[in-house]
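Here is the structure we will look at.
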Amino acid sequence: MLKRVFGLTVATVFFAFQIFVNSAMALDLDAETRTVPLNEQGDTVTLSLEQATRGQRLFGDICAQCHPQGITKTNPNVKLGLEDLALATPRRDNVEALVDYMKHPTTYDGETDISELHPATSSSDIFPEMRNLTDEDLFDIAGHILIQPKLRGVMWGGGKVYN
């Protein structure tokens, strides 16, 4: 019984610490770090601290199961790093393109709809959590994805070599 209580206490402290640290990380971001590409025309957007925090939380709750640290468990060849996103067809290295992908996912070459395989708001039956995401949620998640290379460098999407 004592081991069980001790284990529960340790787990609770660990998870509380993780929540505090993750929330604090987003709150410490300066405006330059929170400024990310908005679209293919070269416009940028500066996420508010609230948007950055929400994007981090939503990514952790919904996306990190398959994309921990920016990798892709189901296809290790495709990562969420800026280079991989830029080389996709169409490019996915801006907020609008990532939001579009989360609504209507396609293969890396852009030729095949994969909404029946990849979580998407357009076919949320395979991953019901997507059903409740608003455009604002998708925007914040996309912003989080684009902020991470600034914070983690090659470790974001770098795979086992860096994680």
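The values are calculated or read from the model by the stated rules, or taken from the named source; none is laboratory data. What you see is a predicted model; the values in this text were computed from it and never measured. Here the Cβ is made from the backbone with ideal geometry for all residues, glycine too, and neighbour counts use every protein chain on show. We work out accessible area using only protein heavy atoms, side chains counted, and drop any ligands, DNA or RNA first. Shrake-Rupley method; radii C 1.70, N 1.55, O 1.52, S 1.80 Å.
Cβ-Cβ below 6 Å, separation at least six or inter-chain, first residue in the stretch 28-56 and within 17 Å of R92 (Cα to Cα), second among the hydroxyl-bearing types (S, T, Y) and surrounded by 14 or more Cβ atoms within 10 Å (Cβ to Cβ): which pairs?
These pairs meet every condition: T35/T46; T44/T35.
Hey, among the residues in the stretch 32-75 that are over 23 Å from D135 (Cβ atoms) and loosely packed, with under 12 Cβ neighbours inside 10 Å, which one's modelled with the lowest pLDDT?
Residue satisfying both the conditions and the ranking: T74.
Quick check on my filter: what residues within the stretch 115-132 are surrounded by fewer than 16 Cβ atoms within 10 Å (Cβ to Cβ) and in a helix (DSSP H, G or I)?
S122, S124, D125, I126, P128, E129, R131, N132
Tell me yes or no: at least one residue of the stretch 133-152 is more than 13 Å from the chain's Cα centre (by Cα) and assigned to a loop (DSSP other than H, G, I, E, B).
Among the residues of the stretch 133-152, at least one is more than 13 Å from the chain's Cα centre (by Cα) and assigned to a loop (DSSP other than H, G, I, E, B), which makes the answer yes.
Would you tally the residues in the stretch 89-104 being in contact with a helix residue (DSSP H, G or I) (Cβ under 8 Å, 6 or more places away or on another chain) and farther than 22 Å from E50 by Cα?
Matching residues across the stretch 89-104 total 5.
Quick test for you: out of A11, A26, pick the one residue that is farther than 14 Å from A142 by Cα, open to solvent by less than 80 Å² (accessible area, probe 1.4 Å) and at pLDDT 55 or above. Can you show your working first?
Numbers: A11 fails: at pLDDT 55 or above.
Selected residue: A26, the only one of A11, A26 that is farther than 14 Å from A142 by Cα, open to solvent by less than 80 Å² (accessible area, probe 1.4 Å) and at pLDDT 55 or above.
Of the conditions (1) on the phi > 0 side of the Ramachandran plot; (2) modelled with pLDDT under 85, G153 satisfies every one except a single condition; which number is it?
The number of the failed condition is (2).
Just the residues that are open to solvent by 70 Å² or more (accessible area, probe 1.4 Å), within 18 Å of N39 (Cβ to Cβ) and in a loop (DSSP other than H, G, I, E, B), please, taken from the stretch 76-108. Steps first, answer last, please.
Here is the first cut: in the stretch 76-108, the residues open to solvent by 70 Å² or more (accessible area, probe 1.4 Å) are 76-77, 82-83, 87, 89, 91, 96, 104, 108.
Retained after the next criterion (residues that are within 18 Å of N39 (Cβ to Cβ)): 82, 87, 89, 91, 96, 104.
Listed by number, the residues that qualify are T89, R91, H104.
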